[in-house]
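Since the structure comes first, as structure tokens, the remarks are kept for the end.
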């Protein structure tokens, strides 16, 4: 009986030890597997962050290059052409100094060309730095931008801007460019008849909302193709620490939300 009890005790101890070892191995295996999954997810997240940062950088670079190219075209096509025309007219005046009627006509043409050039230079300057933005703030500048859209389209725009404090020059200019991009997209692509723009400040942040009743689009497809200026809008907002959210689908219009920190 004593021998049988000893054997049972040994079997019990062996069984318990084996069970504990099995559980320990299972726990260790599970922990290692779980850690591998965590590491894999961390790596994937870091890769996504790096990719997103690269896209933001490239988007910012493309936006800057597009601005430079547009400015170069304007200077070459408008200002350069106007100056060339003035030069030709001045040469004509120098060739025939005795024909007073022709001189008066060329001088009149020169004046008109100069006036047109001044207007174009003013337009280019306004594109680079919107009129009244620094002096009177973003509300004044965006109101002028909306009025220019209303004047040339059938779109009705509702504008609601309530800010307790003035935005910095960088934030003001960036938000102006974002509104400009969104309005251009609505005019060119959306077939919208109604647009609403809200820019409200609460105790912790600035809240911007843009909404149109246009045809909308497939956001994922448009984002992958980098069309409609979506990348530029996101890049500009990111530059001033803003968070951007797009809501759209076919025949559902477009909503854009941007949150900016107060400081």
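Every number in this text was worked out from the coordinates using simple rules, so none of it is lab data. Note that the structure is predicted; figures quoted are calculated from it, not measured. Virtual Cβ from ideal backbone geometry, glycine too; neighbours counted across all protein chains shown.
Worth a mention:
- Residues residue 104 and residue 203, FRET efficiency given R0 of 51 Å [Cβ-Cβ distance, rounded to 0.05]: 0.15
- Added length on full extension, which subtracts the Cα-Cα distance from 0.36 nm per residue, residue 215 to residue 262: 13.6 nm
- Inter-centroid distance (Cα atoms) of the stretch 211-263 relative to the stretch 138-197, Å: 14 Å
- Prolate/oblate/rounded label for the stretch 148-238 (Cα gyration tensor, a/c 1.5): oblate
- Packing order of peptides 165-172, 139-146, highest average first: 139-146, 165-172 (average count of other Cβ atoms within 10 Å over each peptide's residues).
- Between residue 140 and residue 153, the simple spin-label model (points 7 angstrom out along Cα→Cβ) gives 2.5 nm.
- Straightening the chain between residue 79 and residue 168 buys 28.8 nm, computed as 0.36 nm per residue apart minus the Cα-Cα spacing.
- From most to least packed by mean Cβ count within 10 Å, the peptides 249-261, 181-193 give 181-193, 249-261.
- Remark: the residue 193-residue 39 segment gains 50.4 nm on full extension, using 0.36 nm per residue and subtracting the alpha carbon distance.
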